[in-house]
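One structure, as structure tokens, below. Some questions next.
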Amino acid sequence: METVALDQDAVVSRTGDQIEHVLFPESGSISLMIDMASGQTVATAAVGREGAVGILAVLGPLPASNTAIVRAAGVGSRIRASHFRAAFNQSPAIRHAVQIHVRAMMAQFQHGVACNALHPVEARMARWLLQLRDHVDQDVLPLTQEALSQILGVRRTTITLLMRNLRASGAIRSDRRGQIEIDRSRLAAATCECHGNMRREIEEVFSMDTPPIPRLGFGG
Ligand SMILES: [Zn+2]
């Protein structure tokens, strides 16, 4: 494993590129993004210290199926995909950890699909802000309106309008120079059920029969 800095707005991997590393964020937050031919983008998941980017490389050499962008700076550890694959094949504990991770990601994808189809964009924006808040542990979020527009797949003008509404309700305290200060409880009141449901299900997945993971030498 090597330690890497996760710089704000850095692109960790791009759709179609070979997955070279599996990255484990220790702090900060990374968005997984789908890019459309039109240039539009939308986020499908947020990965923080509970997860990893590029973990499907355990299935074999694969191109990345999304673009991963750092939304909140932090640090992480990464390992070459081939080394992680070897460790996965040798270690039942690592296979178990990967299994838990995949189930947690599936939960996030499923709730995200339902939310995107059924809930208004203001509730979705509040959900993303709360997810980011879960990863950074502070109420000042390092987000620009441009980043929010990419995450939600809506125009900047829509974001401006949504910010105004959330400010009026007190869910957003301030928004300047790429920093959005939130009021967590008011934001929770402004969002749909999905953030809570997603969080509960992911916590359940992580709390289920996790065996002790032994220390492992990765070799190389
Ligand atoms: Zn929702």
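Where a number appears in this text, it was derived from the coordinates with a stated rule and is not lab data. The structure presented is a predicted model; accordingly, all values stated were derived computationally and were not measured. Glycine gets a Cβ as well: all are built from the backbone with ideal geometry, and neighbour counts include every protein chain shown.
Rank by packing, highest mean first: peptides 55-64, 194-203, with packing defined as the count of other Cβ atoms within 10 Å averaged across residues. Don't jump to the answer; show the numbers that get you there.
On the way: 55-64: 15.5, 194-203: 17.7.
Highest to lowest by the protection proxy: 194-203, 55-64.
Another one. Explain nothing, just the number: dipole magnitude of the stretch 1-85 about its Cα centre with +1 on each Lys and Arg Cβ and -1 on each Asp and Glu Cβ, in debye rounded to the nearest 20. Write out the running numbers ahead of the final one.
On the way: 6 positive and 8 negative charges, 35 e Å.
With Lys and Arg at +1 and Asp and Glu at -1, about 160 debye.
Helix-only mean residue ellipticity at 222 nm, the chain, DSSP H runs n ≥ 4 weighted -39,500 (n - 2.57), per residue, nearest 500. What is it?
Numbers: 7 runs with 95 residues, N = 220.
So the helix-based figure for the chain works out to -14000 deg cm²/dmol.
Right, here's the next one. Taking every eigenvalue of the Cα gyration tensor of the stretch 98-145, multiplying by 5 and rooting it, what semi-axes result, largest first, whole Å? Don't jump to the answer; show the numbers that get you there.
Numbers: eigenvalues 89, 61, 9 Å².
Listed largest to smallest, the semi-axes of the stretch 98-145 are 21, 18, 7 Å.
Can I ask one more? Using the membrane-span-like helix rule (whole DSSP H runs, Cα extent along the own axis of at least 20 Å, mean Kyte-Doolittle hydropathy at least -1.0), which helices of the chain qualify?
Numbers: long enough: 92-118 (39 Å, 0.40); 121-136 (22 Å, -0.17).
What comes out of the filter, once short or polar helices are dropped, is 92-118, 121-136.
So what is the relative contact order of the chain, in percent, for Cα pairs below 8 Å that sit 6 or more residues apart? Write down the numbers at each step before the final one.
Details: 384 pairs, mean separation 49.3, N = 220.
Averaging sequence separation for qualifying contacts and normalising by length gives 22 percent for the chain.
Starting from the Cα of R167, step 7 Å along the direction of its Cβ; do the same at T15; then give the gap between the two resulting points in nm.
For the pair R167/T15, the computed spacing is 3.2 nm.
By per-residue mean of other Cβ atoms within 10 Å, what is the highest-first order of 31-37, 142-148, 132-138? Show your work: numbers first, answer last.
Numbers: 31-37: 16.0, 142-148: 19.3, 132-138: 17.6.
Ranked by mean Cβ neighbours within 10 Å, highest first: 142-148, 132-138, 31-37.
Follow-up. Could you state the per residue volume, in Å³, of the convex hull enclosing the Cα atoms of the stretch 1-85?
On the way: hull volume 6.7 nm³, N = 85.
Looking at the stretch 1-85, the number lands at 79 Å³ per residue.
Continuing with this model, one more query. Would you work out which of P63, S29, A5 lies farthest towards the positive end of the dipole of the stretch 1-85? Charges go on Cβ: Lys and Arg +1, Asp and Glu -1.
So the residue furthest toward the plus end is P63.
Given H placed 1.01 Å from N in the peptide plane, which residues other than close sequence neighbours of D183 have an amide H under 5 Å from its amide H?
I172, R173
Looking at the chain, I'd like the Rg to Rh ratio, where Rg is from alpha-carbon atoms and Rh is Kirkwood's inverse mean 1/r. Numbers along the way, then the final one.
Details: Rg = 17.7 Å, Rh = 18.1 Å.
Taking Rg over the Kirkwood Rh, I get 0.98.
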